[in-house]
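For reference, the structure discussed in these notes is given below.
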Amino acid sequence: MEKVLFVPAGQPWLKLQHPITPASYRVEMLRLAILPNIHFELSDVEVERSGPSYTIDTMVELRNRLGAQADLFFILGCDALAQFAEWKEPSKLIQLCRLAVVPRANLAFAALEDLERHIPEITDRVSYVATPIIDISSSQIRERVARGLSIRYLVPDKVEEYIAQRQLYRS
């Protein structure tokens, strides 16, 4: 893999009825988190687009920007793969990119059998990536900050400083 492109969500379609951290804050925290790695890059493709964010729209835009020759992988957790058939245009999405599925805490890799019934062509478009499982989520980090607990070692130091300076996620 040449580089990993990080794309903060604009307005996630699954969270349309929930308040989310302003995009400018999320973009800056992500920029701070990936800054030390020259193989990581930030894309604002979703935050610059109005309306709900759908992965298919993002991949169409990235494919247009990067060209047909680019080998695109969309990295997602096995929990998200289990819901993949419910996403907007999943069959078209796997034509634009391959899926790189990583494990999540307390979840085994999702079986493809159920997905194959809905999206038969998915089998050859999924790769499972063995990675260490880190038992933390963004909602747990926000909850810890709200309760005044440390998030040290859970986020990069610069992100921790950014959250503290702006008093994000405080109750």
Just wondering, is there one or more residues in the range 2-22 that are over 24 Å from residue 168 (Cα atoms), under 13 Å from the mean Cα position of the chain (by Cα) and at pLDDT 95 or above?
yes
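Residues are listed down the side, and each one gets a yes or a no for (1) surrounded by fewer than 17 Cβ atoms within 10 Å (Cβ to Cβ); (2) outside any strand (DSSP E or B):
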position: 14; (1), (2): yes, yes
position: 19; (1), (2): yes, yes
position: 29; (1), (2): no, yes
position: 38; (1), (2): yes, yes
position: 41; (1), (2): yes, no
position: 48; (1), (2): yes, yes
position: 57; (1), (2): no, yes
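On the basis of being touching a residue at least 60 places away in the same chain (Cβ under 8 Å), surrounded by 15 or more Cβ atoms within 10 Å (Cβ to Cβ) and of a type outside the set (S, T, N, Q), does residue 34 make the cut?
It is false that residue 34 is touching a residue at least 60 places away in the same chain (Cβ under 8 Å), surrounded by 15 or more Cβ atoms within 10 Å (Cβ to Cβ) and of a type outside the set (S, T, N, Q).
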Residues of the range 1-18 being touching an Asp or Glu at 6+ places or on another chain (Cβ under 6 Å) and closer than 15 Å to residue 59 by Cα, in sequence order, are 5, 7, 9, 10
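I'm checking my understanding of the structure. Among residues of the range 155-171 that are part of a loop (DSSP other than H, G, I, E, B) and surrounded by fewer than 15 Cβ atoms within 10 Å (Cβ to Cβ), which one is modelled with the lowest pLDDT? So that I can check it myself, show each step before the final result.
Kept after step one, since they are part of a loop (DSSP other than H, G, I, E, B), are these residues of the range 155-171: 156, 166-171.
Narrowing further to those that are surrounded by fewer than 15 Cβ atoms within 10 Å (Cβ to Cβ): 166-167, 170-171.
On the way: 166: 96, 167: 96, 170: 90, 171: 70.
So the residue we want is 171.
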Residues of the range 134-148 satisfying the condition of being surrounded by 12 or more Cβ atoms within 10 Å (Cβ to Cβ) and among the hydrophobic types (A, V, I, L, M, F, W, C):
136, 141, 145, 146
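Would you please name the residue that is surrounded by the most Cβ atoms within 10 Å (Cβ to Cβ), looking only at residues in the range 96-132 that are in a loop (DSSP other than H, G, I, E, B) and at pLDDT below 80? Reasoning before the result, please.
Our first condition is that a residue be in a loop (DSSP other than H, G, I, E, B); within the range 96-132, this holds for 97, 103, 105-106, 108-111, 119, 129-132.
From what's left, at pLDDT below 80: 105-106, 108-111.
Working: 105: 11, 106: 8, 108: 8, 109: 17, 110: 21, 111: 11.
Among residues in the range 96-132 that are in a loop (DSSP other than H, G, I, E, B) and at pLDDT below 80, the one surrounded by the most Cβ atoms within 10 Å (Cβ to Cβ) is 110.
The values are calculated or read from the model by the stated rules, or taken from the named source; none is laboratory data. Given the structure is predicted, the values throughout are model-derived calculations rather than measurements. Backbone-built Cβ (ideal geometry, glycine too); neighbour counts: all protein chains shown.
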